[in-house]
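Have a look at the structure below before the remarks.
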Amino acid sequence: MASIIAVVQKFPRTTATSPKRQLQSKLHAENIGMIFNRDSNCVEVLEGIDLEVGEGEFVCILGPSGCGKSTFLNIIAGFISPTSGQVSIDGEIVRGPDPRRIFVFQERGVFPWLTVEGNIGFGLFKLSRAKRAERIAHYVKLVGLEGFEKAYPHELSGGMKQRLEVARALAVNPDVLFLDEPFGALDSITRLTMRSELLRIWEAERKTIVFVTHDIEESIQLADRVVVMSARPARIQRIVNIDISHPRDISSRRYIELRNGIFEEIGLAHKV
Amino acid sequence: MNSTARLRSAVLIAVLLAIWHVAVTHQKVHLLPTPLAVAGGVVELAQRGLLIKYVVASLFRVTWGFLGAAILAIPFGLALGWHKRSGMALNPLIQIFRPISPLAWIPISILWFGVGDMSAIFLIFLASFLPLTVTAMNAVANVSPVHINAARNFGLSQSQLVWRVLYPAVAPQLIVGLRITLGIAWLVVVAAEMIAVNSGLGFLIVDSRNAGNRYDLVVAGMALIGTIGLLLDIGMRSFEKIRSLRWGYSED
């Protein structure tokens, strides 16, 4: 399995053990700042964030809860306008959400009034009936929901709902996926399965992925690069290249080295 | 309800009817007709051709008043819920009108529409309009912002957003609101018919007393009102069993 390496680099690579491949810049966030006004108090959430993400790259944004990483994701997805700075995707300034870039919420984003088929077909209203059915069948299979086509979300488990939401996002064939702690509400076993599912889908479909998480292990297992955010107001503290090819051996020396590096970066002792 | 629960209810009703019969026949003062006399009253109404006529008259008024209110109040309430500022601006007015019983409008509705069907329909309309508006407003407020954002993300137009996300998202709450409001409408039609018209179940009750103290017919009218109210509620409840709405009523 070929590994994709982050290449759009503003920060020095820690090591260079993997083959380097130049990726085209896909998303560029420039000097993003965000200040919320709450009861006449100004809360600065984000400060001077610069980030470039390459085409087909898998980037994890890692930070403590409440640091503003979700706000950042909402900004680059076009749901919130930043107080300062701008985001461009393919050289075009982002002014709102767009079907070419789909945001995956936790599993509560699926529409409870639609069946599995209805949810996956939700964004396909411009296709003919036959094309839509074909596309739905493809993604039902991709996320392993065969036999549940007519089921409603409340009849599915948390993991199945999450896969359904990913399928709904992929069905409209977006270039970019934004995932906001998508596996946070799942039990740890399901979460592990979901991670390898996501990697499998990413390898099959080659989307650009920006994935927000507060889970250090998760970020190292998934990403080409891990963007470590500081506490509020969030700034980029460091960007770590994960130079291990997939499938990743989570007991390898390099994995542990990278993990310990990030633990230190965040200021945590890795002992319980 | 399963069959044992049904049987238990039937037995309980039979026992209560028996107690009623025994109590009335052992009383010297005439407080109530016996259940048999009431049943006889229903039969008599059927024979005189009044049973169907009055039931249809009452249902006719409820249907038009209630449907008219639903058609206007639901989009109105959804719009108010969606545009929060206009909702907030109109809210005090709604809260002032809400505690005014629809029955307080009887003189005004007679003034505007005269004694007749229109008057009764108007009262039903009034009784249904505000509860449905408020239900729809609250239902919009409860729509998950995640669903709205997801819909925007997939590039839906405003009207697609309304039909494909807003309506389905509020449907479970609307159905409950419609069910409760239909109950109110049914209460009001009887009261309206006592004053504003000369047909229907409400009229039957007043007329039977006025024209010769026919209390068997009075209680027959009451029994019919209760039974039809129950059937209406069962009818509305069946909507809650629709599969695409089930999510709105489940516990998790």
Exactly one condition in (1) more than 14 Å from chain A (Cβ to nearest Cβ); (2) assigned to a helix (DSSP H, G or I); (3) not basic (Lys, Arg) is false for residue B:247; which is it? (1)
Unmet criterion (only one of (1) touching a Ser or Thr at 6+ places or on another chain (Cβ under 6 Å); (2) surrounded by fewer than 15 Cβ atoms within 10 Å (Cβ to Cβ); (3) among the aliphatic types (A, V, I, L, M)) for residue B:108: (1)
Residue in region A:93-112 that is closer than 30 Å to residue B:242 by Cβ and over 24 Å from the mean Cα position of the chain (by Cα) present: no
Could you tell me how many of the residues in region A:88-104 are exposed (fewer than 15 other Cβ atoms within 10 Å of the Cβ) and farther than 17 Å from residue A:55 by Cα? 2
Just need a number here: residues in region B:169-200 that are within 18 Å of residue B:243 (Cβ to Cβ) and modelled with pLDDT under 85. 0
Might you let me know whether region B:117-137 holds any residue that is touching a residue at least 40 places away in the same chain (Cβ under 8 Å), surrounded by fewer than 16 Cβ atoms within 10 Å (Cβ to Cβ) and more than 18 Å from the chain's Cα centre (by Cα)? no
Counting only residues that are within 12 Å of chain B (Cβ to nearest Cβ), in a loop (DSSP other than H, G, I, E, B) and touching a helix residue (DSSP H, G or I) at 6+ places or on another chain (Cβ under 8 Å), how many does region A:71-102 have? 6
Would you say residue B:215 is away from chain A (no Cβ under 14 Å), more than 19 Å from the chain's Cα centre (by Cα), of a type in the set (Phe, Trp, Tyr) and over 21 Å from residue B:103 (Cβ atoms)? yes
Please go through (1) surrounded by fewer than 21 Cβ atoms within 10 Å (Cβ to Cβ); (2) of a type outside the set (Lys, Arg); (3) within 8 Å of another protein chain (Cβ to nearest Cβ); (4) outside any helix (DSSP H, G or I) for residue A:147 and return the number of the only condition it doesn't satisfy. (3)
Residue B:228 being of a type in the set (A, V, I, L, M, F, W, C), farther than 16 Å from residue B:52 by Cα, part of a helix (DSSP H, G or I) and more than 14 Å from chain A (Cβ to nearest Cβ): no
List the strands (runs of 3 or more DSSP E) inside region A:21-67, counting only whole elements, that have at least 3 residues being at pLDDT below 90. A:25-38, A:41-54
Exactly one of (1) among the aliphatic types (A, V, I, L, M); (2) touching an Asp or Glu at 6+ places or on another chain (Cβ under 6 Å); (3) modelled with pLDDT under 90 is unmet by residue A:136. Its number? (3)
Check off (1) surrounded by fewer than 19 Cβ atoms within 10 Å (Cβ to Cβ); (2) under 26 Å from residue B:154 (Cβ atoms); (3) out of contact with any Lys or Arg (no Cβ under 8 Å at 6 or more places or on another chain) for residue A:182 and give me the number that stays unchecked. (1)
Restricted to region A:173-190 and to residues being of a type in the set (A, V, I, L, M) and at pLDDT 90 or above, the residue nearest to the chain's Cα centre (by Cα) is A:179
For region A:125-137, enumerate the residues that are surrounded by 14 or more Cβ atoms within 10 Å (Cβ to Cβ) and either away from chain B (no Cβ under 14 Å) or touching a residue at least 24 places away in the same chain (Cβ under 8 Å) (or both). A:133, A:135, A:136, A:137
Cβ-Cβ distance below 6 Å, separation of 6 or more or different chains: which pairs start in region A:214-240 with a residue that is surrounded by 23 or more Cβ atoms within 10 Å (Cβ to Cβ) and end on one that is of a type in the set (Ser, Thr, Tyr)? A:219/A:213; A:226/A:219
Residue satisfying all of: in region B:46-97; more than 21 Å from the chain's Cα centre (by Cα) and closer than 30 Å to residue B:205 by Cβ; surrounded by the most Cβ atoms within 10 Å (Cβ to Cβ) among these: B:50
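Looking at region A:104-124, which of its residues are assigned to a loop (DSSP other than H, G, I, E, B) and either away from chain B (no Cβ under 12 Å) or farther than 20 Å from residue A:78 by Cβ (or both)?
A:110, A:111, A:112, A:113, A:114, A:115, A:121, A:124
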What about residue A:68, is it crowded, with 20+ Cβ neighbours inside 10 Å, among the small types (Gly, Ala, Ser), within 14 Å of another protein chain (Cβ to nearest Cβ) and within 20 Å of the chain's Cα centre (by Cα)? no
What are the residues in region B:140-167 that are more than 8 Å from chain A (Cβ to nearest Cβ), in a loop (DSSP other than H, G, I, E, B) and either on the phi > 0 side of the Ramachandran plot or touching a Gly at 6+ places or on another chain (Cβ under 8 Å) (or both), if any? none
Sort out for me the helices (runs of 4 or more DSSP H) sitting completely within region B:1-105 that have 3 or more residues that are under 21 Å from residue B:230 (Cβ atoms). B:3-25, B:35-47, B:50-82
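Test of understanding: among B:164, B:209, B:152, which residue is in contact (Cβ under 8 Å) with a residue 12 or more places away in the chain and of a type in the set (Lys, Arg)? Steps first, answer last, please.
Working: B:209 fails: in contact (Cβ under 8 Å) with a residue 12 or more places away in the chain; B:152 fails: in contact (Cβ under 8 Å) with a residue 12 or more places away in the chain.
Every option except B:164 fails the conditions.
The values are calculated or read from the model by the stated rules, or taken from the named source; none is laboratory data. What you see is a predicted model; the values in this text were computed from it and never measured. Don't worry about glycine lacking a Cβ; one is built from the backbone with ideal geometry, like all the others, and counts go over all protein chains shown.
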